[in-house]
Amino acid sequence: MNFFFIAAIILLIIMGFIALSGDSHLKTEAANPAEVQGKFTLLLYGSSSPNDLANIAILDQEGDPYSFEIYAPDFAYTVQAGLDAAQVLQEAERFVRRNIQSERSRLHRVLSPAGAGIGFELRPLYSVGTFGRDDILDVRYSIKDRKIVVRIELDPSIERQSTY
């Protein structure tokens with residue numbers, strides 16, 4: 001009986017720490033390239049080799065109160081600031097299509113906690129025949145104090161495959 005009481009208390013404490021951390025996860029929604037307007041900072045993650053499947057372009061809208069930061073070592077991504085809409089889309093598309101297995105790309109809008117668009121992501125899509133689905137990335141956005149931290153990984157089931 002005491003064991004369950006202590007376990008419940010520990011669980012409540014852990015949940016409290018998580019709640020107090022202030023991080024919340026952001027959602028994305030499908031977007032149209034025509035919606036990309038203004039100036040952007042482009043964050044390009046991955047493409048360390050021609051076979052690198054985990055690559056993505058993050059389009060950070062300049063002039064808003066939010067900033068994006070990729071949760072990875074500095075050598076795993078590059079940053080280009082001051083690009084207009086046409087430039088940022090062209091560079092992002094070129095980057096995510098570097099892998100010869102990439103068939104097309106998908107644009108999503110990153111939403112603030114209030115539901116407003118604060119940036120975009122462009123991710124490569126791959127052959128369903130090769131990987132079982134076209135979107136093989138696990139990308140999570142968390143926000144704290146207007147800083148958006150982007151965590152990018154291959155989906156664990158894809159990572160376990162030895163096809164690349």
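The values are calculated or read from the model by the stated rules, or taken from the named source; none is laboratory data. All values derive from a computational prediction rather than experimental measurement. No Cβ is skipped: glycine too gets one built from the backbone with ideal geometry, and neighbour counts run over all protein chains shown.
A compact table of results
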read-out: Contacts under 6 angstrom Cβ, first residue in region 128-144 being under 24 Å from Y66 (Cβ atoms) and in contact (Cβ under 8 Å) with a residue 12 or more places away in the chain, partner surrounded by fewer than 17 Cβ atoms within 10 Å (Cβ to Cβ) and of a type in the set (S, T, N, Q), 6 or more apart; value: I143/S24
read-out: Among residues of region 118-133, those that are crowded, with 17+ Cβ neighbours inside 10 Å and of a type outside the set (V, I, T), counted; value: 9
read-out: Residue selected from region 120-147 under the condition farther than 23 Å from Q37 by Cβ and aliphatic (A, V, I, L, M), by the criterion nearest to the chain's Cα centre (by Cα); value: L137
read-out: Hits in region 132-161 - residues which are modelled with pLDDT of 95 or more and either in contact with a Pro (Cβ under 6 Å, 6 or more places away or on another chain) or polar (S, T, N, Q) (or both); value: S142
read-out: Members of region 99-111 that are surrounded by fewer than 17 Cβ atoms within 10 Å (Cβ to Cβ) and basic (K, R); value: R104, R106
read-out: Region 150-163, subset buried (at least 16 other Cβ atoms within 10 Å of the Cβ) and in contact (Cβ under 8 Å) with a residue 60 or more places away in the chain, residue nearest to D64 (Cα to Cα); value: V150
read-out: Pair list, Cβ under 6 Å, 6 or more apart: region 21-45 residue modelled with pLDDT under 95 and assigned to a strand (DSSP E or B), other residue surrounded by 13 or more Cβ atoms within 10 Å (Cβ to Cβ) and polar (S, T, N, Q); value: H25/S142
read-out: Tally of residues being not in a strand (DSSP E or B) and not charged (D, E, K, R) across region 54-83; value: 10
read-out: Hits in region 39-70 (condition: exposed (fewer than 14 other Cβ atoms within 10 Å of the Cβ) and under 27 Å from T130 (Cβ atoms)); value: S48, S49, P50, N51
read-out: Enumeration of residues in region 25-38 that are surrounded by 14 or more Cβ atoms within 10 Å (Cβ to Cβ) and over 19 Å from F95 (Cβ atoms); value: L26
read-out: Complete set of residues in region 84-116 that are of a type in the set (D, E, K, R) and either at pLDDT 95 or above or in a helix (DSSP H, G or I) (or both); value: D84, E91, E93, R94, R104, R106, R109
